[in-house]
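The structure under discussion appears below in the form of structure tokens.
Taken together, the values in this text are just the output of simple stated rules run on the coordinates, not laboratory data. All figures in this text were calculated on a predicted structure; none of them were measured in a lab. Here the Cβ positions follow ideal geometry from the backbone for every residue, glycine too, while neighbour counts run over all protein chains shown.
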Amino acid sequence: MRIDCGGFADMGAPPDLLAQTEPVQRAYDHLVKDGYIVLDRVLPPPTLAALATAFAARQNMLDERFKVGSQRYAPPVELSGAFADPLVYANPAIAAIVRVALDRSAILRGFGAEVALPGAAPQHIDREGRPLFDPNLSPLLPAHALTCLLPLDQPHSIAVWSGSHRWKTRNEDAVPQPLEIAVGSAVILDSRLLSSATANRSDQPRTVLHAAYARRWFRDTSHGLRLAGTRLVIGDDFLAGVAEVDRGLFAHIKKLT
């Protein structure tokens with residue numbers, strides 16, 4: 001399912017009011033049922049251009065420390081400069097869905113990127129995080145963490161196993177659903193959903209931003225196990241510029257520093 005979020009940033013409404021709108025409620029219902037939701041037009045072209053320029057200027061993004069597979073790197077991305085834009089870490093549409101799915105006290109647990117160089121092989125089929133409890137209980141529980149993927153420079157293609165966040169046993173015969181996420185759009189995944197990024201068969205690197213949101217009490221360090229960049233790194237003056245309505249996303253920050 002896809003939701004057009006083109007007008008959310010212009011509403012000027014706080015997240016709690018946006019959470020009550022019909023598109024957000026539909027998105028939440030689909031997220032609960034299938035474990036994912038595609039959000040079109042969450043970032044405008046000027047913001048994307050600024051982010052792409054800022055990312056290209058940052059050093060050591062392809063450091064071997066951040067290698068996560070064949071021709072794949074997952075560096076952390078400091079929330080500073082262009083990445084300190086609230087449209088990036090507290091996008092109105094994304095934040096509203098996160099607050100409905102996790103609760104009003106949800107936090108931004110990590111922020112990073114994944115760069116797939118030309119020739120990068122498909123990712124292993126895996127979950128973005130791990131179930132909290134045994135397979136008989138975890139599928140019955142609501143989401144405790146969500147991952148938002150936002151392509152930065154090229155469309156991002158992934159395969160998802162719809163409903164797998166609710167499986168008690170893995171269904172080896174299930175057919176994956178391919179998703180193509182346009183630049184400026186995003187996909188939100190329940191951390192328990194099985195997914196896999198496809199191979200990069202183009203001649204250009206593909207960069208996708210990863211934002212990991214979680215319930216405030218969630219401390220599982222395995223969330224985003226595939227991605228070294230899921231840890232949260234903030235600039236020196238970042239918190240001073242965060243609006244009051246978004247400060248709850250960083251309520252845990254003292255425990256990270």
- FRET efficiency estimate (nearest 0.05) - Cβ-Cβ, Asp40 to Leu117, R0 25 angstrom: 0.40
- Query: How far is it, in nm, from the label point at Glu64 to the one at Asp203 when both lie 7 Å from their Cα along the line to the Cβ?
  - Reply: 2.9
- Message: For the stretch 107-220, what does the relative contact order come out to in percent, with C-alpha contacts under 8 Å and a separation of six or more?
- Response: 49
- Query: Of the beta bridges DSSP finds with both residues in the chain, what % are antiparallel, to the nearest 5?
  - Reply: 90
- Query: Around Gly110, which amide H atoms from residues at least 5 apart in sequence, or from another chain, sit under 5 Å from its own amide H, with H modelled in the peptide plane?
  - Reply: Ala212
- Task: Order the peptides 82-88, 95-101 from the highest to the lowest mean number of other Cβ atoms within 10 Å of their residues.
- Result: 95-101, 82-88
- Message: Apply the Karplus curve 6.51 cos²θ - 1.76 cosθ + 1.60, θ = phi - 60°, to the phi angles in the stretch 65-78 and return the couplings in whole Hz, x for Gly and Pro.
- Response: 4, 9, 6, 10, x, 5, 6, 10, 10, 10, x, x, 10, 5
- Note on the structure: Scoring the chain by relative contact order with C-alpha pairs under 8 Å, at least six apart, yields a percentage of 29
- Once both labels are modelled 7 Å past Cα along the beta-carbon direction, what's the Asn136-Gln177 spacing in nm? 3.0
- Message: For a protection proxy built on the mean count of beta-carbon atoms within 10 angstrom, sort 134-143, 112-121 highest first, please.
- Response: 112-121, 134-143
- Item | Sorted by Cβ density within 10 Å, fewest first, the residues Ile94, Ile234 | Ile234, Ile94
- Message: For the chain, what does the helix formula give at 222 nm: sum of -39500 (n - 2.57) over DSSP H segments with n ≥ 4, over the residue count, nearest 500 deg cm²/dmol?
- Response: -5000 deg cm²/dmol
